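The values are calculated or read from the model by the stated rules, or taken from the named source; none is laboratory data. Not measured: the values here are computed from a predicted model. Virtual Cβ from ideal backbone geometry, glycine too; neighbours counted across all protein chains shown. Surface areas here come from the heavy atoms of the whole protein model, side chains and all, with no ligands, DNA or RNA. Shrake-Rupley method; radii C 1.70, N 1.55, O 1.52, S 1.80 Å.
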Amino acid sequence: MGLCPQPTLASYWTKDTLYASNIPDFMKRKRFELILRTFHCCNNNMCPPVGFKIYAGKEADKVQSVSTKVVLEMAEDYLDMGRTMYTDNWYSSYRLAIELLNRKTHLVGIFRSNRKNNPKEVIQKKLKKGDYIAKQCNKGVTVLKWRDKRDVLVISTKHKASMVSVTNNYGKEIQKPNIIIDY
């Protein structure tokens with residue numbers, strides 16, 4: 001394979017004379033792919049610690065939710081440095097925002113409306129396109145709801161509820177929350 005490079009792996013087993021190869025005489029393609037998939041050349045003792053966590057069922061304790069616990073465990077080496085963490089809606093929560101603030105780390109993320117400790121006046125407010133509502137607690141956590149084509153909920157410990165002028169895809173200038181632009 002190193003002497004006669006082909007455009008794809010499957011090309012070595014094609015019947016087309018343009019890509020003729022003698023590899024099919026020695027090994028079937030599926031057998032080669034199986035070996036290639038399981039082939040591993042590495043001294044595992046020299047590898048850095050694996051940066052992932054496998055969720056295999058209930059892990060929540062009475063103090064933290066699973067999502068908060070996972071974020072804090074995975075980000076341990078990056079906390080207390082004044083960084084900003086961006087999360088999707090499965091991880092974002094008010095509790096995580098407070099935990100990260102206590103560790104000198106900001107949180108910016110898309111937010112689910114059914115999370116605990118959500119400000120009901122923000123979550124339940126009906127908005128027209130372009131409108132927004134936000135609430136900031138005394139600890140510095142901002143929850144903002146903005147209506148574009150649909151409602152968008154965001155949470156941030158880094159931003160206040162401010163709007164910025166941007167040009168959309170149609171060349172029209174619109175107002176968009178700074179949190180969403182940063183996210």
> If you roll a 1.4 Å probe over the heavy atoms of the protein chains, what accessible area per residue do you get for the chain, in Å²?
Replying inline: 72
>> Compute the distance from the alpha-carbon center of the range 116-183 to that of the range 1-27, in whole Å.
In response: 55
> Debye sum, Cα scatterers, the range 39-173, no solvent: what log₁₀ I/I(0) at q = 0.11, 0.13 1/Å?
Replying inline: -0.51, -0.66
>> I'd like the chymotrypsin sites (Phe, Trp or Tyr not before Pro) in the range 100-171 restricted to DSSP loop residues with at most 11 other Cβ atoms within 10 Å, sorted by number.
In response: TYR170
> Where in the range 1-101 are there chymotrypsin sites (Phe, Trp or Tyr not before Pro) that are in a DSSP coil and have at most 13 other Cβ atoms within 10 angstrom of their Cβ?
Replying inline: PHE26, PHE39, PHE52, TYR55, TRP90
> GNM, the chain, Cα, under 10 Å: largest mean-square fluctuation among ASP16, ASP131, ASP77?
Replying inline: ASP16
> Under 5 Å between amide H atoms, partner at least 5 residues away or on a different chain: which partners does HIS106 have, H built in plane at 1.01 Å?
Replying inline: ARG83, THR84, MET85
> For the chain, what is the calculated [θ] at 222 nm in deg cm²/dmol (nearest 500), taking -39500 (n - 2.57) for each run of four or more DSSP H residues and dividing by its residue count?
Replying inline: -5000 deg cm²/dmol
>> Bins of 10 Å, beginning at zero and ending with the bin holding the largest distance: percent of Cα pairs per bin for the range 99-183, please.
In response: 17, 51, 26, 6, 0
> For the charge dipole of the chain, defined by +1 on Lys and Arg C-beta atoms and -1 on Asp and Glu C-beta atoms about the Cα centroid, which residue among GLN175, SER11, ASN43 has the Cα displaced farthest towards the positive pole?
Replying inline: GLN175
> Of the residues VAL70, VAL50, VAL108, which exhibits the maximal mean-square fluctuation in a Gaussian network model of the chain defined by a 10 Å Cα contact cut-off?
Replying inline: VAL50
> Using +1 on the beta carbon of Lys and Arg, -1 on that of Asp and Glu, and nothing else charged, what's the dipole of the chain about the Cα centre, debye to 20?
Replying inline: 940
> Given the Cα-Cα distance of VAL63 and CYS137 and 0.36 nm per residue of separation, how much length would full extension add, in nm?
Replying inline: 24.5 nm
>> Quick check: at a probe of 1.4 Å, how many percent of the accessible area of the chain sits on carbon and sulfur atoms?
In response: 52
> Of the cross-linked pairs LYS120/LYS145; LYS126/LYS149; LYS135/LYS160; LYS126/LYS158, which ones have a Cα-Cα span greater than 21 Å in the structure shown?
Replying inline: LYS126/LYS158
> With springs only between Cα atoms under 10 Å, which of LEU34, LEU101, LEU144 fluctuates most in a Gaussian network model of the chain?
Replying inline: LEU34
